[in-house]
Amino acid sequence: MKSLIFGTSIAPTTSPVSPLRPSQREWLWALAVSITEILWKAGQGEKAILAMPGSFAHFTEHGVGRYSQDGMTENLTLHEFVEQRVLYEAVTRHINAFTSEASSGCVVLLYSLVLTRGVENIQGDMDPGGGHLINSHGYSSQEIVNLLLTGRAFTNTFNGEHRLGNTPEQTMVLRGITQKGEIGLLSLFEHYDCYKVGTHLKTPQYPLWVVCCESHYSCLFSRDTSVTADTRRYPPSTSTTTTDWLYRRMRYA
């Protein structure tokens, strides 16, 4: 939605006649741009790795610990890019790997994302004690959602870091979002008081939000950029009332 409505500097193209009703060519273009931006952000604007499915195995389960062949992982071919434009061109050429019913597009994107960010960096993004990328019942963890949105696999959605403990030896650092995101997040779990979503995600750079509604996600957006103005411009009661209204609508939709 971001590229369809607000454009992109990665790959200029003719603006859609109707951003909300793109042609097949336009939505494929937007998907390629989105994948490129997600991976490039995870690589801190320096590099990205694209994991593309192939037709033959690069290794077998023998001699690889407890690994069991799944018909996909062992067939992946890794391509590294150090220029964003070249990455976009590669994604465009292989866009069927993300859209074809015969391919596991989400898995391909996840492999590429994890390899681009790096396993050690992902572990460093998480709270002490380690986290998971896949939760119970196969659901995506908050770490995956944050990795997709911000390029970092933070465990939490509040702003910055929270430190717990009275002494340096006892201090535990809980890691949250460090800067305003391009795309935001709203979650019904905040309405349930399960956790806090900070202003870095509630007031993103663009009026686009991923909306977590218990076990599924959807998208909320506006073409009016003024709706993401800094919340400090508004009285706290107004901001709270608006957010609570959104959560009530989500709860009973």
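Within segment 68-75, is even one residue under 22 Å from the mean Cα position of the chain (by Cα) and either surrounded by 13 or more Cβ atoms within 10 Å (Cβ to Cβ) or not in a strand (DSSP E or B) (or both)?
The answer is yes; a qualifying residue exists.
Check off (1) more than 27 Å from residue 161 (Cβ to Cβ); (2) at pLDDT below 90 for residue 220 and give me the number that stays unchecked.
(2)
Which of (1) closer than 25 Å to residue 2 by Cβ; (2) touching a helix residue (DSSP H, G or I) at 6+ places or on another chain (Cβ under 7 Å); (3) crowded, with 19+ Cβ neighbours inside 10 Å; (4) not hydroxyl-bearing (Ser, Thr, Tyr) does residue 126 not meet, given it meets every other one?
Among (1) closer than 25 Å to residue 2 by Cβ; (2) touching a helix residue (DSSP H, G or I) at 6+ places or on another chain (Cβ under 7 Å); (3) crowded, with 19+ Cβ neighbours inside 10 Å; (4) not hydroxyl-bearing (Ser, Thr, Tyr), the lone unmet condition for residue 126 is (1).
Name the one entry in 46, 37, 101 that is over 17 Å from residue 148 (Cα atoms) and not basic (Lys, Arg).
So the residue among 46, 37, 101 that is over 17 Å from residue 148 (Cα atoms) and not basic (Lys, Arg) is 101.
Considering segment 203-216 alone, what residues qualify as being surrounded by 17 or more Cβ atoms within 10 Å (Cβ to Cβ) and farther than 9 Å from residue 181 by Cα?
Once the filter is applied, which keeps residues that are surrounded by 17 or more Cβ atoms within 10 Å (Cβ to Cβ) and farther than 9 Å from residue 181 by Cα, segment 203-216 yields 207, 208, 209, 210, 211, 212.
Would you please list the contacts, defined by Cβ atoms under 7 Å and residues six or more apart or on different chains, that run from a residue in segment 193-217 that is under 15 Å from residue 156 (Cβ atoms) to a residue that is acidic (Asp, Glu)?
196/190; 197/190
Mind checking which residues of segment 104-154 are touching a Leu at 6+ places or on another chain (Cβ under 7 Å), assigned to a loop (DSSP other than H, G, I, E, B) and under 18 Å from residue 184 (Cβ atoms)?
Of everything in segment 104-154, just one residue is touching a Leu at 6+ places or on another chain (Cβ under 7 Å), assigned to a loop (DSSP other than H, G, I, E, B) and under 18 Å from residue 184 (Cβ atoms), namely 153.
Residue check, residue 68 against (1) within 30 Å of residue 172 (Cα to Cα); (2) modelled with pLDDT under 95, all met but one. Which one?
Only one criterion is unmet by residue 68, namely (1).
Going through segment 116-132 one residue at a time, which ones are in contact with a Lys or Arg (Cβ under 6 Å, 6 or more places away or on another chain) and in contact (Cβ under 8 Å) with a residue 60 or more places away in the chain?
None - no residue of segment 116-132 is in contact with a Lys or Arg (Cβ under 6 Å, 6 or more places away or on another chain) and in contact (Cβ under 8 Å) with a residue 60 or more places away in the chain, so the list stays empty.
I need the full set of residues from segment 1-43 which are part of a loop (DSSP other than H, G, I, E, B) and surrounded by 14 or more Cβ atoms within 10 Å (Cβ to Cβ), in order please.
The answer is 1, 7, 8, 10, 11, 13, 16, 19, 22, 43.
Being of a type in the set (D, E, K, R) and over 13 Å from the mean Cα position of the chain (by Cα) is the filter here, so list the residues in segment 147-203 that pass it.
161, 163, 169, 175, 180, 190, 193, 196, 202
Every residue, every condition in (1) within 20 Å of residue 209 (Cβ to Cβ); (2) touching a Phe, Trp or Tyr at 6+ places or on another chain (Cβ under 6 Å); (3) of a type in the set (A, V, I, L, M), yes or no:
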residue: 84; (1), (2), (3): no, yes, no
residue: 92; (1), (2), (3): no, no, no
residue: 97; (1), (2), (3): no, no, yes
residue: 114; (1), (2), (3): no, no, yes
residue: 141; (1), (2), (3): yes, no, no
residue: 154; (1), (2), (3): yes, no, no
residue: 159; (1), (2), (3): yes, no, no
residue: 170; (1), (2), (3): no, no, no
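The values are calculated or read from the model by the stated rules, or taken from the named source; none is laboratory data. Since the model is a prediction, treat every value here as computed from it, not as a measurement. Note that we place each Cβ from the backbone using ideal geometry, even for glycine, and neighbour counts take in every protein chain shown.
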